[in-house]
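Encoded as structure tokens, the structure appears first; notes follow it.
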Amino acid sequence: MSGLANGVEGAVTYVDDRTGVTKVVKKGMSKVFPDHWSFMLGEIALYSFIILLLSGTFLSLFFKPSQVEVIYNGSYVPLQGISMSEAYASTVRLSWDIRGGLVMRQIHHWAALIFVAAIAVHMMRIFFTGAFRKPRELNWLIGVGLLTLALLEGFAGYSLPDDLLSGTGLRIAEGVLLSIPVVGTYLSFFAFGGEFPGADFISRLYIVHVLLVPGIILALITVHLMLLVLQKHTQWPGPGRTESNVVGYPLYPVYTAKAGGFFFVVFGVTALMGGFVQINPIWLYGPYIPSQITAGAQPDWYIGFLEGGLRMFPNWEFSLWGYTLTLNPLMAGLIIPGVMFTALGLYPFLEAWVTGDRREHHLLDRPRNHPVRTGLGVMGATFYAILLVGGGNDLIAVAFGLSVQSITWALRILIFVLPVLTFIVTKRICLGLQRRDRDLLLHGRETGVVQRLPNGEYLEVHAPISAEERAALLAHEVQRPAELPPAYDETGIPRRTRRLDRVRVRLNRWYFGDLVAKPSPAELEAAQAHAVGHGPEATRTTPELEPGRAPSSPE
Amino acid sequence: MNPPSSSAPAETSRPEHLASLASEPEIHPSGLPVHRRLTDLDPVAARRAERQVAALFALSALGTVIFLVGYVAFPLGQGTKDPASLVWSNRLLGGGLALSLFCLGAGAIHWARKLMPVEELVEERHPLHSSAAQRAGLVEQLAASGESTGFTRRKLIKRALLPAAGLLALPPLVLLRDLGPLPGRVLRETLWAAGVRVHSDVTNQPLRPEDIPIGGMVPAIPANLKDVPTENGAQLNARAKAALLLVRMEPRQIVSQQGAQWDYQGILAFSKICTHVGCPLGLYEQQTHKMMCPCHQSTFNLADSAKVVFGPAKRHLPQLPLTVDAEGYLVAAAGFAEPVGPSFWERGGA
């Protein structure tokens, strides 16, 4: 022990003499992070980004971002003697002739898929628990920005090898670019250095992929984490956990060991996939030739929703004063995703406006306690999922022996019907779960033990819930819906309310209207007294006398 | 991650859910639940955990050894003739790396969970915002400093500074101008013109009508494509626009076409580039004469002027009029009458 202390002392003295960081480090070390599995989702995103930086650096040592035509003469026999771009040739060489090249490429690709997936799931966690509320709205916006950049970065990455699949993806992107009114043709010519495919794009995309976008992502992650440290992590309600504290493990040593260990676990799983699960075998696709195509081609999963939009949106095209406005690529490729991401970014501000809640929140909401928010989230996820399914309609058609046309038509209808339906169902489920919580608080847990009373009546024994559970169930507040001021003021003159205020009140009542009331202290006390009256021993012999009593109406 | 471990030893035979009141003392007077682990109570369990952590770290080292062995044992490149070498190299490198990384991480986590302190700490949150006085002070200072520069008072400076700063946005935009040429008319032009021979895209040989059987589909390119230099992607660009589909059907099966007699004995030529977003077409149903785009399923009826019958494309596939030259080879009777490929703003026409 003292040996360790002596060794450390030397290092601390050396660094502190030159920087004076002792105080900061000491404070940082004891910084507390709450523990919950769902808090690891963001960690997975962060770690896969680090894996991407490491594996990507290795790949850049061998990849040549050039569209100069070369003749392949590497060790993959079927491509020998074929003319292809240097980008493609170097990617095949990297996979077949460089030891560890293929495993690094596959780790890189898998990590990219995991990166975007982890961001998406992390974001859902934030959304459904209300962690985006004040003071964390800015971090939510940064997160939306990071998600957008991650999509862009992923698309740029898998477009680089210049194989038939990725070239087709670029062709589609160019078609979307061309559909932009007025400037589309110019944007496309500037991006590709002239006509598609040209010979400039891969090298341009390369610098975007390895420097520009990852640089911005890195900067945003830094701010994202700095805000996290500054604002301290949110936590689940529980005994001893309040809005004004944070309970958990110190950064050093426990959290360092757990989070640092988790990095290696994520890296290990990614490496396992890189070693054993093939992904993007570009040598099978052949070099990109703009007159060739393969059937059943699929983009990486996170681009699938754009692909689905392109397949599902109607073929509307208009002629305006001799100009062409083609709506399908424009809507599916740019406007619909633009609206989706804007709505995502604005949600915290819209919700705060509707609820009128301007307070800070550090305790997480259980999704059931905000049925409208949860319903809206599921609604958005459903909309997205239908677009994603649409992107794979051909594969679904093959797998289930259906016609691709009927799948497309079904999805065109479902994208309007299903989100509404899932909203209603989700809201109902949430309200049902709220009633169950109330029931748990007042009557305890059903034990499954059914007893027969002397008078022949059958009853189920209820056991009280633990103090920890009770604290968690009672932590949330049930906000009352807003009221419009009376239509007439005291003097009997009709009151004028702004239209926007009336809209806000109506939305507010919709948001809070159906919430199930928490048991009042009096009700709880009565229930407690009732249980205590029976005593812990008595619970085994005397059943709850009022099983399944319907929750009383909200107070 | 840390459910309160059951502190009640098995002294009671009551089912756990009935013993829930026994969990009451698990709340410490401080209000926090008390976590108790076997490793805290039992030195034997603690030593076992220590051995487990050490074993995980040892497995990690083994993984690194596997990685190194895989690197040396399976050479790649021209030296080896065996493609299985790549498979095994990949498995050992990936598997070895996975073992070494995973076990290192798992060891650290196991160590933290079993042996490191289990007490949770409480950190108080302090309001993020500064005091009202501090804020007012800052606002005042900002306003006063701004005032002291005379920015609002000295209108001339303001009027000169804002346009000057605004103009600075132009150089970065202007610098992007040479990223590419202006579109001009190139999207409307292809290599096809009257008399250009039709070559098979498979063999790059000129095609005669008899080379295409009824019901057949042949991808084709113009004979002059090979004369386009490959530098700067020029040949690929030309190919991206000129790619052609030849199909043959009984002349009576042709319901309509885009120009009178544009077929040659039932051989029809259409642009291979989808009018949706430009994927090359490829899925041909010869019985119904429908051509489908594998990307987004736009479907064109080639027997009926290649009109759109399904999917996101709006416009038909442009048709190329065909004839034969003196030597009996298929040639274009004229160039395309309209731009091929996806719609763009300046394209015009519906």
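What number, rounded to the nearest 500 deg cm²/dmol, is the helix-based mean residue ellipticity at 222 nm of chain A, given -39500 (n - 2.57) per DSSP H run of at least four residues and division by all its residues?
-19500 deg cm²/dmol
For the pair A:GLU477/A:LEU220, report the inter-label distance in nm, with labels modelled 7 Å from Cα in the Cβ direction.
Here the modelled spin labels are 3.3 nm apart.
Can you work out the Karplus-derived ³J(HN,Hα) for every residue in the range B:317-333? Use 6.51 cos²θ - 1.76 cosθ + 1.60 with θ = phi - 60°, whole Hz, and x for glycine or proline.
Per-residue couplings from phi come out as 6, x, 9, 9, x, 10, 7, 10, 8, 4, 8, x, 8, 5, 9, 6, 7 Hz.
Mind checking which lysines have their C-alpha under 20 Å from A:LYS31, skipping anything on the same chain fewer than 8 residues away?
A:LYS23, A:LYS232, A:LYS258
Roughly speaking, what is the stretch gain from A:TRP510 to A:PHE62, that is 0.36 nm per residue apart minus the C-alpha to C-alpha distance, in nm to one decimal?
My answer for the length gained is 155.5 nm.
Taking the Cα centre as origin and putting +1 on Lys and Arg beta-carbons and -1 on Asp and Glu beta-carbons, what dipole magnitude results for the range B:101-172, to the nearest 20 debye?
640 debye
Where in chain B is the longest stretch that carries no GluC sites (Glu not before Pro) classed as loop by DSSP and with at most 15 other Cβ atoms within 10 Å?
Between the exposed loop sites, the longest stretch runs B:120-326.
Of the options A:GLY338, A:GLY100, A:LEU411, report the single residue whose Cα projects farthest towards the positive end of the charge dipole of chain A (beta-carbon charges: Lys, Arg +1; Asp, Glu -1).
A:GLY338
With θ taken as phi - 60° and the coefficients 6.51, -1.76 and 1.60, list the Karplus ³J(HN,Hα) couplings across the range A:481-486 in order, rounded to whole Hz; mark glycine and proline as x.
With coefficients 6.51, -1.76 and 1.60, one gets x, 6, 10, 6, x, x Hz.
For the range A:295-367, state which trypsin sites (Lys or Arg not before Pro) are in a DSSP loop and have at most 15 other beta carbons lying within 10 Å of their beta carbon.
Within the range A:295-367, the qualifying trypsin sites (Lys or Arg not before Pro) (loop, at most 15 other Cβ atoms within 10 Å) are A:ARG358, A:ARG359.
Please report how far the C-alpha centroid of the range B:260-287 lies from that of the range A:439-461, rounded to the nearest whole angstrom.
Cα centroid of the range B:260-287 versus Cα centroid of the range A:439-461: 75 Å apart.
Under a Cβ-Cβ limit of 4.7 Å, which cysteines in chain B have nobody to pair with?
Isolated Cys, chain B: B:CYS103.
Assuming R0 = 25 Å, can you tell me the calculated FRET efficiency for the pair A:VAL229 and B:ALA132, based on Cβ-Cβ distance, to the nearest 0.05?
0.50
So how far, in whole Å, is the C-alpha centre of the range A:265-327 from the one of the range A:126-165?
18 Å
Under 20 Å from a point placed 7 Å out from the Cα of A:LEU138 along the Cα-to-Cβ direction: which residues of the range B:116-138 have their backbone N that close?
B:125-138
Which of the lysines could a cross-linker bridge to B:LYS314, judged by Cα under 25 Å and excluding same-chain residues fewer than eight apart?
Qualifying lysines at Cα under 25 Å: B:LYS241, B:LYS272, B:LYS290.
Under a Cβ-only charge scheme (Lys and Arg +1, Asp and Glu -1), can you give me the dipole magnitude of the range A:170-308 about the Cα centre, in debye to the nearest 20?
Rounded to the nearest 20 debye, it is 500 debye.
For chain A, return all DSSP H helices satisfying: extent of Cα atoms along own axis at least 18 Å; mean Kyte-Doolittle hydropathy at least 1.0.
Span-like helices in chain A: A:40-60, A:101-128, A:137-159, A:164-178, A:213-231, A:256-276, A:336-355, A:371-391.
Count neighbours as other Cβ atoms within 10 Å of each site's Cβ, and list the chymotrypsin sites (Phe, Trp or Tyr not before Pro) in the range A:314-378 that are DSSP loop with at most 13 such neighbours.
Qualifying residues, ordered by number: A:TRP316, A:TRP321.
What nm distance separates the two modelled labels at B:ILE157 and B:ALA260, each placed 7 Å from Cα along Cα→Cβ?
Calculated label separation equals 8.0 nm.
Compute the distance in nm between two label points, each set 7 Å from the Cα along the Cα-to-Cβ direction, one at B:ALA193 and one at B:ALA46.
9.1 nm
Select from chain B the helices, each a whole stretch of DSSP H, whose alpha-carbon atoms run 30 Å or more along the helix axis and whose Kyte-Doolittle mean is at least 1.0; answer none if there are none.
Taking the DSSP H segments of chain B (at least 30 Å long, mean hydropathy at least 1.0), we get B:43-73.
For the charge dipole of chain B, defined by +1 on Lys and Arg C-beta atoms and -1 on Asp and Glu C-beta atoms about the Cα centroid, which residue among B:LEU245, B:PHE344, B:VAL44 has the Cα displaced farthest towards the positive pole?
B:PHE344
Stretched out fully, how many nm does the piece from A:ILE50 to A:ARG436 gain, at 0.36 nm a residue minus the Cα gap?
Here the segment from A:ILE50 to A:ARG436 would lengthen by 134.7 nm.
Find which of A:PHE263, A:ALA112, A:ASN139 sits farthest along the positive direction of the dipole of chain A, computed with +1 on the beta-carbon of Lys and Arg, -1 on that of Asp and Glu, about the Cα centre.
Projecting each Cα onto the dipole axis, the largest value belongs to A:ASN139.
Give me the extension gain from A:ASP501 to A:ILE429: residue separation times 0.36 nm, minus the current Cα-Cα distance, reported in nm with one decimal.
Roughly 22.9 nm would be gained on extension.
Once you charge only the Cβ atoms, +1 for Lys and Arg and -1 for Asp and Glu, what is the size of the charge dipole of the protein assembly as shown about its Cα centre, to the nearest 20 debye?
The dipole magnitude comes to about 1520 debye.
Based on the Cβ-Cβ distance of B:GLU140 and A:VAL182, what FRET efficiency does E = 1/(1 + (r/R0)^6) give at R0 = 60 Å, to the nearest 0.05?
Computed FRET efficiency for B:GLU140 and A:VAL182 comes out at 0.80.
Report the calculated FRET efficiency for A:ARG452 and A:HIS530 (r = Cβ-Cβ distance, R0 = 25 Å), to the nearest 0.05.
So, using R0 = 25 Å, E works out to roughly 0.75.
Bear in mind that the values in this text are calculations on the coordinates, not laboratory data. Remember, it's a predicted structure, so these values are computed and weren't measured experimentally. Because the Cβ atoms are built from the backbone with ideal geometry, glycine has one as well, and the counts that use them run over all protein chains shown.
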